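S.K.: Below: one structure in structure tokens.
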Amino acid sequence: MATTVQQIDAWRAARSEDQRLEFKEAKTQYDNNKLYKYCVALANEGGGHLLMGVEDQPPRRVVGTSAFRDPIDMAGKIFQALGFRVDIEEVQHPDGRVLVFHIPGRPSGSVYAFEGAYLMRTGQQLVPMSEDRLRTIFAEGTPDWLSEPALKNCDDSKVIKLLDTQAYFDLLQLPLPASRSNVLQRFESEKLIRRDGSAWAITNLGAILFAKELDQFDRLGRKAPRVIHYDGTSKLKTKLDRAGNQGYAVGFQGLVAFINGLVPSNEVIEKALRREVKMFPEIAVRELVANALIHQDFTESGTSVMIELYDDRMEISNPGKSFIAPDRFIDEYQSRNERLADIMRRAGICEEKGSGVDKVVHSAEAFQLPAPDFRIGERRTSVVLFAHTELEQMDRNDRVRASYQHCCLRYVTNEKMTNQSLRERFKLPEDKTATVSQIIAATVDAGKIKPADPAQTSTRYRNYVPFWA
């Protein structure tokens, strides 16, 4: 173990508290129950280190702690309360005493609880794990849905007949092998098919990505994305209701083109030239559809990815609750279906680095649209894109959401939000400085952003960062 002063300083220099680190000042004392909860949450996230005697905000000065003067006794109490061992180490930093709690990760397929709650961290808060996340953890070590067979007892010809092998090599920009056996060997290496005695089994991964027709596979027809176009702003009258039937990788470009074909255009005049502009940015539609396909919970039955188009908005939703809180979509990323995401990334359909939401927010700002609304329901995760609305027509929630997302977007590009940058986001003149200050103040009051330098008294020149920065 033997944590050094240099290691502590390296942890302090980290950009933000991540899944492996937690800092607490605890100058004189710290509540035992709160400590137990953080140990459980960190263990559930894979283990990590909790440092006491260090400020939890950058630059994270070492302030020293006099809490838990007998670390061995406290380690025993943690074991009695939680049932797993946490080693506690005292480090004499030049600026004060630091306690380092070495918290192990939970065993695979199990999750720790304290006082009946399975805890995890979300930003600065400890929250109970969602049913969706718990189900995923408990399923660890068992075959996942993507590896299960979609169709068994297939010979070579049937695999080629049901899966679009040509599309696979085209999308990945690979030369098509000269022999069918080499094609099948490549598909086997990608776990799109697997040996089943003397025959092949097409996996759910292979079928959901490269099926020529999804309804040729039992249960997969209901996994096809569904596009619904309503007349008006409610679900009362439907213009169109159509489900796809191709695998996600094979049919993605056609699906996005079909959706964009339904999106109405507005005519704008720039320098005496007329041009048509879609109500919603095509890049935003593409990224959100890709995210919905990739991050859905395939174990949810009788439901699929849905794209619903209204006169004033578009809603894109997928089965399953997100692992990440909506407020952290811009700066965090966790793929639910890693192998599917990997192939779609290599096929140029998505990026497996969490930048898709950044593009969505940026394109909404460029098109002068209200900020997208990310929502998590009981069994679905959804995103709402809104048609253009003047600032005067936006309510308080719309303005706060736009201010927060703009602040996040600036932060992840190593910049800070200012009154001027937010005015530029809304395309407002300088005489609207007071209006923008009111929006910023409302966002601060909502706990979404905070001043980067609390000592700066001028609201006009103050910089802001997200609450989690």
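S.K.: Grab the helices (runs of 4 or more DSSP H) fully contained in region 1-93, keeping just those with 2 or more residues being out of contact with any Cys (no Cβ under 8 Å at 6 or more places or on another chain) and polar (S, T, N, Q). Steps first, please.
M.R.: Details: elements: 5-12, 32-44, 71-82.
Those helices (runs of 4 or more DSSP H) span 5-12, 32-44.
S.K.: Among the listed residues Asp327, Asp358, which satisfies the condition of being in contact with a Lys or Arg (Cβ under 8 Å, 6 or more places away or on another chain), in the same structural domain as Phe252 (by TED's automatic domain parsing) and of a type in the set (D, E, K, R)? Break it down stepwise before answering.
M.R.: Numbers: Asp358 fails: in contact with a Lys or Arg (Cβ under 8 Å, 6 or more places away or on another chain).
It is Asp327.
S.K.: I'd like the residue in region 105-115 that is of a type outside the set (Ser, Thr, Tyr) and surrounded by fewer than 16 Cβ atoms within 10 Å (Cβ to Cβ) and, out of all such residues, is nearest to Ala2 (Cα to Cα).
M.R.: Out of the qualifying residues, it is Gly105.
S.K.: Go through Ala199, Ala139 for me and flag whichever is among the aliphatic types (A, V, I, L, M), closer than 23 Å to Arg380 by Cβ and not assigned by TED's automatic domain parsing to the domain that holds Lys450. Even if it seems obvious, please write down each step before you answer.
M.R.: Values: Ala199 fails: closer than 23 Å to Arg380 by Cβ.
Only one candidate qualifies: Ala139.
S.K.: For Phe101, all conditions in the list (1) of a type in the set (Phe, Trp, Tyr); (2) in contact with a Leu (Cβ under 7 Å, 6 or more places away or on another chain); (3) in a loop (DSSP other than H, G, I, E, B) hold save one; what is the number of the exception?
M.R.: Failing condition for Phe101: (3).
S.K.: I'd like to check something: does region 30-42 contain any residue that is more than 29 Å from the chain's Cα centre (by Cα) and farther than 15 Å from Ile88 by Cα?
M.R.: Filtering region 30-42 for residues more than 29 Å from the chain's Cα centre (by Cα) gives 30-33.
Subsequent filtering for residues that are farther than 15 Å from Ile88 by Cα retains 31, 33.
Yes, region 30-42 contains a residue that is more than 29 Å from the chain's Cα centre (by Cα) and farther than 15 Å from Ile88 by Cα.
S.K.: Which residues, counting only those in region 294-312, are modelled with pLDDT of 95 or more and buried (at least 20 other Cβ atoms within 10 Å of the Cβ)?
M.R.: Val305, Ile307, Leu309
S.K.: Which condition from (1) out of contact with any Pro (no Cβ under 9 Å at 6 or more places or on another chain); (2) closer than 29 Å to Leu134 by Cβ; (3) in contact (Cβ under 8 Å) with a residue 12 or more places away in the chain is the one that Pro107 breaks?
M.R.: It is condition (3) that Pro107 fails.
S.K.: Condition (residue is of a type in the set (Gly, Ala, Ser), out of contact with any Phe, Trp or Tyr (no Cβ under 7 Å at 6 or more places or on another chain) and closer than 30 Å to Ala469 by Cα) applied to region 125-137: is it met by at least one residue?
M.R.: Here is the first cut: in region 125-137, the ones of a type in the set (Gly, Ala, Ser) are 130.
Narrowing the set further to residues that are out of contact with any Phe, Trp or Tyr (no Cβ under 7 Å at 6 or more places or on another chain) leaves 130.
Cutting the leftovers down to closer than 30 Å to Ala469 by Cα gives us 130.
Within region 125-137, one or more residues are of a type in the set (Gly, Ala, Ser), out of contact with any Phe, Trp or Tyr (no Cβ under 7 Å at 6 or more places or on another chain) and closer than 30 Å to Ala469 by Cα.
S.K.: Counting only residues that are aliphatic (A, V, I, L, M) and modelled with pLDDT of 90 or more, which one in region 350-365 is nearest to Leu209 (Cα to Cα)? Talk me through it step by step, then tell me what you get.
M.R.: Residues of region 350-365 aliphatic (A, V, I, L, M): 357, 360-361, 364.
With the extra rule that they be modelled with pLDDT of 90 or more, the set shrinks to 360-361, 364.
On the way: Val360: 24, Val361: 27, Ala364: 29 Å.
Among residues in region 350-365 that are aliphatic (A, V, I, L, M) and modelled with pLDDT of 90 or more, the one nearest to Leu209 (Cα to Cα) is Val360.
S.K.: Taking the condition without any contact (Cβ under 8 Å) to a residue 24 or more places away in the chain and either β-branched (Val, Ile, Thr) or under 24 Å from Asp144 (Cβ atoms) (or both), does Thr203 pass?
M.R.: Details: without any contact (Cβ under 8 Å) to a residue 24 or more places away in the chain: no; either β-branched (Val, Ile, Thr) or under 24 Å from Asp144 (Cβ atoms) (or both): yes.
No: the conditions fail for Thr203.
S.K.: Please work out if Phe374 is of a type in the set (Phe, Trp, Tyr), within 20 Å of Asp132 (Cβ to Cβ) and in a loop (DSSP other than H, G, I, E, B).
M.R.: Values: of a type in the set (Phe, Trp, Tyr): yes; within 20 Å of Asp132 (Cβ to Cβ): yes; in a loop (DSSP other than H, G, I, E, B): no.
Considered against the rule, which asks whether it is of a type in the set (Phe, Trp, Tyr), within 20 Å of Asp132 (Cβ to Cβ) and in a loop (DSSP other than H, G, I, E, B), Phe374 comes out as no.
S.K.: So is Asp73 without any contact (Cβ under 8 Å) to a residue 12 or more places away in the chain and surrounded by fewer than 18 Cβ atoms within 10 Å (Cβ to Cβ) or not? Explain how you work it out, then say what you get.
M.R.: Values: without any contact (Cβ under 8 Å) to a residue 12 or more places away in the chain: yes; surrounded by fewer than 18 Cβ atoms within 10 Å (Cβ to Cβ): yes.
Spelling it out, Asp73 is indeed without any contact (Cβ under 8 Å) to a residue 12 or more places away in the chain and surrounded by fewer than 18 Cβ atoms within 10 Å (Cβ to Cβ).
S.K.: In addition: Is it the case, given these coordinates, that Val465 is free of Cβ contacts under 8 Å to residues at least 40 places away in the same chain, β-branched (Val, Ile, Thr) and either in contact with a helix residue (DSSP H, G or I) (Cβ under 8 Å, 6 or more places away or on another chain) or not in a loop (DSSP other than H, G, I, E, B) (or both)? If you could, list the steps in order and put the result at the bottom.
M.R.: Numbers: free of Cβ contacts under 8 Å to residues at least 40 places away in the same chain: no; β-branched (Val, Ile, Thr): yes; either in contact with a helix residue (DSSP H, G or I) (Cβ under 8 Å, 6 or more places away or on another chain) or not in a loop (DSSP other than H, G, I, E, B) (or both): yes.
No: the conditions fail for Val465.
S.K.: Does region 43-58 contain any residue that is at pLDDT below 95, under 30 Å from Asp453 (Cβ atoms) and among the charged types (D, E, K, R)?
M.R.: The answer is yes; a qualifying residue exists.
S.K.: Among the listed residues Val444, Val383, Val412, which satisfies the condition of being surrounded by 14 or more Cβ atoms within 10 Å (Cβ to Cβ) and farther than 27 Å from Gln296 by Cβ?
M.R.: It is Val444.
S.K.: Let me ask you something else. Suppose we keep only residues that are aromatic (Phe, Trp, Tyr) and buried (at least 20 other Cβ atoms within 10 Å of the Cβ) within region 200-231. Which one would you say is farthest from Ile294 (Cα to Cα)? Steps first, answer last, please.
M.R.: In the first step, residues of region 200-231 are kept if they are aromatic (Phe, Trp, Tyr); the result is 200, 210, 217, 230.
Next, only the ones that are buried (at least 20 other Cβ atoms within 10 Å of the Cβ) stay: 200, 210, 217.
Working: Trp200: 25, Phe210: 14, Phe217: 19 Å.
My answer is Trp200.
S.K.: Being modelled with pLDDT of 80 or more and touching a Ser or Thr at 6+ places or on another chain (Cβ under 8 Å) is the filter; apply it to region 139-152 and report the residue that is surrounded by the most Cβ atoms within 10 Å (Cβ to Cβ).
M.R.: Taking region 139-152 and keeping what is modelled with pLDDT of 80 or more, we get 144-152.
With touching a Ser or Thr at 6+ places or on another chain (Cβ under 8 Å) added as a condition, the list becomes 145-150.
Numbers: Trp145: 15, Leu146: 20, Ser147: 13, Glu148: 12, Pro149: 19, Ala150: 23.
Among them, the one singled out is Ala150.
The values are calculated or read from the model by the stated rules, or taken from the named source; none is laboratory data. Values in this document were obtained by computation on a predicted structure and should not be read as measured data. Counting neighbours? That spans all protein chains shown, and the Cβs are built from the backbone with ideal geometry, glycine included.
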